[in-house]
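Below you'll find the structure, written out as structure tokens, and then a few comments.
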Amino acid sequence: MLFSWTKNNVAVGFVVGERWLTSAWLIGYKSRRNRKGNSILADRQSTKVVMLCQRPIYTHNHMSLAELISSNLNQVILKTTPIPMIKKPFVSLQLPERLYETLIVEKPNTLKLTGQWAAAALADAGYNLNEWRWDVCLQGSACVFLLVKMVDLHHYLQPLNKAGCVPNAVSYINPERLVSLDNHLAPQYTGMTVLPDPIAAKQAVCLAATGLGYIYA
């Protein structure tokens, strides 16, 4: 079997909890296989969890947390052929769950989803847009907003920026919507739930998977 690396072949997801920092490293690759009864080679996308760990962080401040994340990113852990070195990973970060708020708004059928409409919907709900950072996605006929206060976001991102490891994405994976995770990553993920916080472990894997182009939640 021959392997060829994808554009974002390495991704890591960090989940910052109240007691634990969870990190999950994934690699994504394409395997080329002969189709049965046909000489045409077909590409098949695959993923593998290569590292999953949790470290206590309840004694850390935000700067030492940034140093902990930075040291994790600087570890060379991938020695898989054909390239025996780690490429720059896609980094996703989830802040403590208490910092996130969600707002669900029914999307009018006659209105397109635009930034102006979304801003107006948040303003109508009482949010000061100068104080909140937000993103929105469609789930059926509903618009689901994910919000975090700018001051909280800056509180975490400023030390990460100084440490040179600002994340590519800041998001939140709802643990209630992780049903498809086991189906897509088994058996590589099987047996790793012995960690102190298995829910955060699944969230970290999902965050990393989004960096590889797979959306689980």
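The values are calculated or read from the model by the stated rules, or taken from the named source; none is laboratory data. None of these values were measured; they are calculated from a predicted model. For the accessible areas, the whole protein counts, side chains as well, though only heavy atoms, and no ligand, DNA or RNA atoms are used. Shrake-Rupley method; radii C 1.70, N 1.55, O 1.52, S 1.80 Å.
I'd like the Kirkwood hydrodynamic radius of region 99-147, using the inverse of the mean 1/r over distinct C-alpha pairs, in Å.
Kirkwood hydrodynamic radius for region 99-147: 11.0 Å.
Starting from the amide H of K107, placed 1.01 Å from N in the peptide plane, find each other amide H under 5 Å away whose residue is 5 or more places distant or on another chain.
A142, C143
How large is ³J(HN,Hα) for each residue in region 127-142, as worked out from phi by the Karplus curve 6.51 cos²θ - 1.76 cosθ + 1.60 (θ = phi - 60°), to whole Hz, x for Gly and Pro?
8, 7, 5, 7, 10, 10, 9, 9, 9, 9, 9, 8, 10, x, 9, 10
Would you please give the residues with an amide H less than 5 Å from that of L21, counting only those at least 5 places away or on a separate chain, with H modeled from the backbone geometry?
R55, I57
Collect residues whose amide H, placed 1.01 Å from N in the peptide plane, falls under 5 Å from the amide H of V50; neighbours closer than 5 in sequence don't count.
Sorted by chain and number, the residues that satisfy this are W25, L26, I27.
Tell me the accessible surface of D197 in square angstrom (1.4 angstrom probe, heavy atoms of protein chains only), to the nearest ten.
About 50 Å², rounded to the nearest 10.
Quick one: what are the phi-derived ³J(HN,Hα) couplings along region 17-25, Karplus 6.51/-1.76/1.60 with θ = phi - 60°, whole Hz, x for glycine and proline?
x, 6, 10, 10, 9, 9, 10, 10, 10
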